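To keep things clear, I will list the structure first and then write my remarks on it.
The values are calculated or read from the model by the stated rules, or taken from the named source; none is laboratory data. These figures come from a predicted structure and were not determined experimentally. Glycine gets a Cβ as well: all are built from the backbone with ideal geometry, and neighbour counts include every protein chain shown.
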Amino acid sequence: MVAFQKAECIYDMTCYFIEHYLPPMGDRTVDQMKQAARSGKQNIAEGNEACATSMETGIKLMNVAKASLKELQEDYEDYLRTHGMRIWEGNEPRCRVARDWCKSHSQTADYMRVCRLRDDETVANVALILIHQTMYLLHRLIEKFKRDFLQNGGIKEQMSAARRQWRDEHGMGWMNGREWNKGKKENNENNGKAKGCEQEEPPKT
């Protein structure tokens, strides 16, 4: 999955960024950025797996991943702003070049080369571009999962439909839940004997 591959690159870039540009101690941003990057990656993987059994759970996890990446985006933007650096605008030539490059690269090794050859402003901006692209991919995945859920339902809905089909095929479609419970109640009242088959009690002497 491309979204997971890019999220993994984001996590590895963030670990590099933290190690090289943030203080090793006394800054809560370090833990926040690392946790947000990890949450984005892990929730994409878990959400994709969960969709096999629960579409609703999978969608929720994908949304958690988006929220985590949004938080990470804000941390990178805060770093650039507080260090007097620029957040690249979309119409800048270097931003367009980086955006096109990120679209065609989803391997950590490629981004690690960028990290080693560029300064912190470039690394942070490339990370921001990659975060935006990953969030866009997540948005498309979530919309796809929503459409699938509305059209086909989750595993529970599919199992219910299969049970209804089985009852229809075996001539039990007429028996709804109320009739079934009523029948069980009557059967219990008659001590398991079918209605109309009661035996008369012997005469008392």
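Being modelled with pLDDT under 60, surrounded by 12 or more Cβ atoms within 10 Å (Cβ to Cβ), aliphatic (A, V, I, L, M) and farther than 30 Å from F17 by Cβ is the requirement here; does A161 meet it? When the stated conditions are applied, A161 passes them.
In the condition set (1) buried (at least 17 other Cβ atoms within 10 Å of the Cβ); (2) modelled with pLDDT of 95 or more, C51 is compliant with all but (2). All of (1) part of a helix (DSSP H, G or I); (2) farther than 18 Å from I131 by Cβ; (3) not polar (S, T, N, Q) hold for M62 with one exception: (2). Just one of the listed residues (A65, A124) is over 19 Å from F17 (Cβ atoms), modelled with pLDDT of 95 or more and within 26 Å of the chain's Cα centre (by Cα), namely A65. Take the stretch 1-50 and flag every residue that is hydrophobic (A, V, I, L, M, F, W, C) and under 18 Å from R116 (Cα atoms). Residues satisfying the conditions are C9, I10, M13, C15, F17, I18, L22.
Considering only residues in the stretch 9-48 that are among the β-branched types (V, I, T) and in contact with a Phe, Trp or Tyr (Cβ under 8 Å, 6 or more places away or on another chain), the one that is nearest to A67 (Cα to Cα) turns out to be I44. Within the stretch 8-43, restricting attention to residues that are outside any loop (DSSP other than H, G, I, E, B) and small (G, A, S), the residue that is surrounded by the most Cβ atoms within 10 Å (Cβ to Cβ) is G40. Is it fair to say L130 is under 30 Å from the mean Cα position of the chain (by Cα), within 30 Å of I59 (Cα to Cα) and at pLDDT 95 or above? Spelling it out, L130 is indeed under 30 Å from the mean Cα position of the chain (by Cα), within 30 Å of I59 (Cα to Cα) and at pLDDT 95 or above. Please determine, by comparing only the residues of the stretch 59-77 that are out of contact with any Asp or Glu (no Cβ under 6 Å at 6 or more places or on another chain) and free of Cβ contacts under 8 Å to residues at least 40 places away in the same chain, which one is surrounded by the most Cβ atoms within 10 Å (Cβ to Cβ). In this case the residue turns out to be S68.
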